[in-house]
Structures are given as structure tokens and as C-alpha cells.
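Comments concern the structure below.
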Amino acid sequence: MTVPPALTRTLLGAQIVALVTSPGSQTLRPTGALVATYPVSKGSITTKPPGGTVAHRGGLFIQNVSNGKKIAVDNFVVDLSQKILTAHIVTTPSRAIIFNLNLKNAAIKATRHLITISRIGLSLEKNAANALNGALGTTVFKAGMKFGTAVSRLRH
């Protein structure tokens with residue numbers, strides 16, 4: 001997932017810090033874009049139309065450093081058929097829809113051993129925005145907020 005520099009600045013300006021948890025990794029590009037990478041654990045993708053699911057390991061720890069409130073999610077699942085990304089909410093048995101997926105500009109490339117779907121648009125789901133604001137004691141998260149793009153690579 002690549003978070004654009006403007007959103008990274010908005011979150012940091014609101015004193016919201018997000019850290020990728022193992023086995024995921026993160027990189028902050030010189031442009032200010034935040035890149036989060038999560039290994040795929042399982043899944044299958046169909047190409048026409050884009051469909052299937054891809055499960056990822058790792059998570060995201062988010063903290064409002066101004067008040068110490070925090071939330072963590074992990075085990076992301078990209079569901080191309082339903083156009084959603086769900087996550088497990090750490091410390092609960094619950095899963096929730098985090099992002100709505102925009103597949104309008106998505107590109108699927110299949111090679112002998114790898115299927116890659118890129119340019120998946122991510123928009124924050126309404127209930128997820130409300131949950132983040134409540135958990136973190138902020139109002140920075142908005143329904144439909146563009147969170148950047150995602151890429152999934154699945155070996156077959």
C-alpha cells in the first residue's frame with residue numbers, strides 16, 4: 001500500500017502515527033509517501049473480471065501521540081469480488097471493512113508463476129472512519145478519504 005505524501009502530512013499534523021507490524025515492513029520515501037508492504041499468506045485471483053481474495057500477514061499499529069490512544073489491526077484480506085479490504089481488530093475477535101476498493105484503474109498481469117494486481121484505489125469505509133476517530137480521540141478520518149493505492153502479488 002502506498003499512502004500519498006499529502007495524507008501522510010495530514011496524519012502527522014494531527015499527531016497520528018502509523019507503524020507497520022511484523023512480518024510487514026514500511027518505508028518512508030523522500031517524497032513523503034509511506035509504503036507499507038505485507039506478505040501474502042494465501043489467496044486466488046481471477047483476471048476477467050477481477051475477483052477472488054488475497055490474505056496478507058502483518059498489521060498496522062496506529063497511535064494518537066497527543067493523547068496516547070491507540071488501535072491495531074492485522075491480517076488484511078483484499079476481496080476483489082466484493083471490492084473491500086477487511087482487517088482483524090487486535091484484542092477483539094472481530095473483522096471489519098477498512099477500505100472500499102476502486103478497481104477502475106486496476107491492472108492485472110499474469111506470468112508463469114505470479115499474478116499481480118496493481119493500482120487498486122483505497123478509500124476509507126464510513127464505519128472504519130468513525131471507529132478510528134472514536135478509538136483515537138480525533139476527527140481527522142473521513143468516510144471516503146483516499147488512502148492511496150495497493151498492489152497484491154500472488155504466486156501460483
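Which number in (1) at pLDDT below 95; (2) surrounded by fewer than 16 Cβ atoms within 10 Å (Cβ to Cβ); (3) within 15 Å of the chain's Cα centre (by Cα) marks the one condition that Arg9 misses?
Condition (3) is where Arg9 drops out.
Does at least one position in the range 99-110 carry a residue that is small (Gly, Ala, Ser) and either touching a residue at least 40 places away in the same chain (Cβ under 8 Å) or over 24 Å from Pro39 (Cα atoms) (or both)?
Step one: list which residues in the range 99-110 are small (Gly, Ala, Ser), which gives 106-107, 110.
Applying the additional criterion that residues be either touching a residue at least 40 places away in the same chain (Cβ under 8 Å) or over 24 Å from Pro39 (Cα atoms) (or both) yields 106, 110.
Yes, that holds for at least one residue.
Considering only residues that are open to solvent by less than 30 Å² (accessible area, probe 1.4 Å) and within 24 Å of Phe141 (Cα to Cα), which ones fall in the range 104-122?
Across the range 104-122, the qualifying residues are Ile120, Gly121, Leu122.
Could you list, in sequence order, the residues of the range 132-150 that are within 15 Å of Lys69 (Cβ to Cβ), surrounded by fewer than 20 Cβ atoms within 10 Å (Cβ to Cβ) and without any contact (Cβ under 8 Å) to a residue 60 or more places away in the chain?
Of everything in the range 132-150, those that are within 15 Å of Lys69 (Cβ to Cβ), surrounded by fewer than 20 Cβ atoms within 10 Å (Cβ to Cβ) and without any contact (Cβ under 8 Å) to a residue 60 or more places away in the chain turn out to be Asn133, Gly134, Thr139.
Which members of the range 24-75 meet the condition of being closer than 27 Å to Ala131 by Cα, open to solvent by 40 Å² or more (accessible area, probe 1.4 Å) and among the small types (Gly, Ala, Ser)?
Within the range 24-75, Ser25, Ser41, Ser66 qualify.
For the structure I just gave you, tell me whether Arg153 is surrounded by fewer than 17 Cβ atoms within 10 Å (Cβ to Cβ), farther than 18 Å from Gly24 by Cα and charged (D, E, K, R).
no
The values are calculated or read from the model by the stated rules, or taken from the named source; none is laboratory data. Treat the numbers as computed from the prediction; the structure is a model and nothing was measured. FYI the Cβ positions are ideal-geometry reconstructions off the backbone, even for glycines, and counts take in every protein chain you see. Surface areas here come from the heavy atoms of the whole protein model, side chains and all, with no ligands, DNA or RNA. Shrake-Rupley method; radii C 1.70, N 1.55, O 1.52, S 1.80 Å.
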